[in-house]
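The values are calculated or read from the model by the stated rules, or taken from the named source; none is laboratory data. Fair warning: this is a prediction, and the values are worked out from it, not measured in the lab. Cβ placement follows ideal geometry from the backbone for every residue including glycine, while neighbour counts extend to all protein chains displayed. Surface areas here come from the heavy atoms of the whole protein model, side chains and all, with no ligands, DNA or RNA. Shrake-Rupley method; radii C 1.70, N 1.55, O 1.52, S 1.80 Å.
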Amino acid sequence: MRHFLPLLIVLLLLPAAASAADESYEVRSIRLTDGRTLVAQVLESTAGGMRLRLPQGLTLVPYADLAEIGVVDASEYDTQAPLRIGIAPATPPAEQLAGGVDAMMGRAVGVMPDSSVVDADAWRAEIGADGDPLGDCAGDLGCLQPLARSLGADLVIIPQLVADRLSLMVVVPSSGEAVGIATAALSIAEGELNASASADNVIVALFTALSLEPEINLSEAIAEAFPAAAAVAAADADSAPAPEVVAGAGETADPDPETETTEPVAAADPKPAATGRVMDPRRARSIGLGMLPVPGISSASLGDVPGFVIGLVGTIGLSWAAVYVTGRTARTADAFWAPTILLPYAINVAFNQITGAVSWKRVGGQPAASVSIRYRRPRVGATVAPVLNGERPAPTGASVLVVGTF
């Protein structure tokens with residue numbers, strides 16, 4: 001029993017870690033389904049995933065993207081090697097503009113903290129082969145993968161030019177899986193790239209593609225990497241025109257008071273429209289309540305009686321079966337009581353989230369457009385991991401984590 005008590009305490013107190021001091025954060029080795037292994041501080045566990053701190057910034061990893069979680073010494077977070085990033089040549093290579101992008105990308109990506117950047121020219125120098133293997137790949141991932149592996153890159157950025165837009169795709173060389181993709185608008189004048197004016201958009205797109213929230217002051221970092229960028233921003237601010245009154249269709253800027261329309265004129269929104277769907281507050285509340293050890297509460301909060309009954313009966317039935325199987329197979333008291341607590345809770349959460357999602361589709365209606373909580377396509381997964389005893393290297397049991405995003 002004493003072997004499982006520390007594990008149970010960690011599981012119960014993990015959601016409260018976000019309110020603790022930095023030095024009290026748990027450090028975990030986290031292997032993702034895309035092939036990456038992260039050494040990160042676990043800030044909190046939310047309904048949408050695990051919020052982590054990496055040396056490069058903050059990120060939210062959905063539970064369905066977790067392949068394995070291991071316990072490591074806290075010192076490994078500070079001593080881990082910098083993130084090695086290889087940058088492929090921009091495509092299409094025939095355009096003169098691609099050379100300017102290649103020269104800019106190394107400095108732009110170098111703004112990311114705790115990173116080791118190998119730009120296209122440095123990558124060519126490390127290959128040292130006749131011809132141009134990188135250029136011959138022309139942005140093809142299958143062609144770039146063996147070159148990236150020999151480089152020892154953790155990530156590869158593949159830039160692609162489309163008119164005045166630069167698309168950045170970040171991939172994991174070991175698996176060929178894409179981490180993310182984002183697009184940045186470039187400042188181009190007379191066929192030449194203005195790197196200083198484009199740097200801000202490119203760096204923001206990079207963090208977006210990596211799903212990272214920077215903890216550094218980006219403005220200062222950009223000004224240091226691109227000294228002319230600060231001057232460009234100041235010049236743009238000084239030359240900004242004064243606000244003008246927007247006239248409606250068929251009106252002049254100074255309409256006659258006797259014929260002035262009383263209909264409001266919609267001002268242009270300077271911010272781009274949010275992409276993706278948004279979540280209704282009732283749905284968000286249903287997901288949050290589903291983490292409580294109360295069978296059927298997700299459907300009950302939505303007023304769906306059949307969903308509540310299914311969740312209640314299913315949770316009790318499968319929990320009883322799990323306890324029965326554990327009792328039949330356990331050889332010691334320690335191997336019995338911990339699974340009888342953890343398995344019913346995992347079953348309860350899984351049933352709550354599944355029945356809650358079904359109930360929402362049946363009785364919830366469309367999401368409210370005024371709420372900005374994002375959500376992904378429904379996914380459910382299960383992870384089995386050994387429970388290790390700190391005194392002995394051999395596993396002393398197993399834990400099952402059933403997770404889902406809705």
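What to note about this one:
- Accessible surface, per residue, of the stretch 144-209 when the full set of protein chains is kept, probe 1.4 Å, Å²: 42
- Each peptide among 110-119, 295-304, 140-149 gets the average number of other Cβ atoms lying within 10 Å of its residues, and from highest to lowest they stand as 295-304, 110-119, 140-149.
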